[in-house]
Amino acid sequence: MKQTIGEHHLSLATAIKQLEDNYGCPRLIVEKYMKDYDKALGSIRSWGKHGTKERVDAINRTMDFIRNLQTLATDHPTYLQSEIYSKNTLLLLTKGMPHEYTKKLNESCGHADPFEDWITTIFDIMQECKSTNLSALSTGIGTAKFSKEDHVPNPKANQLSHNGHDCSKSNQCRNTPTGASTNPKNFDLNKNLNMILI
């Protein structure tokens, strides 16, 4: 991204203007953001461990990424809102995210919530975790060591669970167009995010 927009911009507006000049179509700008984010933070190893500069940088980049997408969705609602607030964006954001953060996300959102709420919740989680990581970074207290699960994908890491219910095994959820019901559900992000209501 630095090669594309440089480091001299004083605001998000001027940076986006530069991207528009370079790429023209807002949709191409979103694709560029997505590719850059995936390359930078699509793996758990890119996030570093708790209380490190790498973790704080990853959190800051995620927050900036969400801010940029929200700005684009607001500026180009007709073309970009449904593309930004989508299953693909949610999958991208959670792809390399540490398991403890996706756990917080599971506790806050249900499958009937719109994508925009999920993405806003991720931003809120990042804000909260940034504070604890900065504290650990500055004091050295609470800095974590890498564990096995930091490097080996957890089979449940990409599942969103609520109250022990599993939508993939529920006839009621499988037989409805959206999977919506009165209770929060547990579902596999990679297979069942299409059940979230937009």
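Modelled spin-label separation between Thr14 and Asp75, with each label point placed 7 Å from Cα along the Cα-to-Cβ direction: 1.4 nm. With both labels modelled 7 Å from their Cα along Cα-to-Cβ, the Glu107 to Asp64 distance reads 2.9 nm.
With all projection directions averaged, the alpha carbon convex hull of the range 26-104 covers 5.0 nm². Summing charges over neighbours of Asn60, with a neighbour being any other residue whose Cβ is under 13 Å away from its Cβ, gives +2 when K and R count +1 and D and E count -1. Count Lys and Arg as plus one, Asp and Glu as minus one, and take only other residues whose Cβ is under 14 Å from that of Phe115; the net charge is then -3. Take the Cβ atoms of Lys53 and Arg27, set R0 to 25 Å, and the FRET efficiency comes out at 0.15.
Readers should treat all values here as calculations from the given coordinates under stated rules, not as data from a laboratory. Owing to the predicted nature of the structure, the values given are computational and were not obtained by experimental measurement. Using ideal geometry, Cβ is built from the backbone for each residue, glycine included, and neighbour counts are taken over all protein chains shown.
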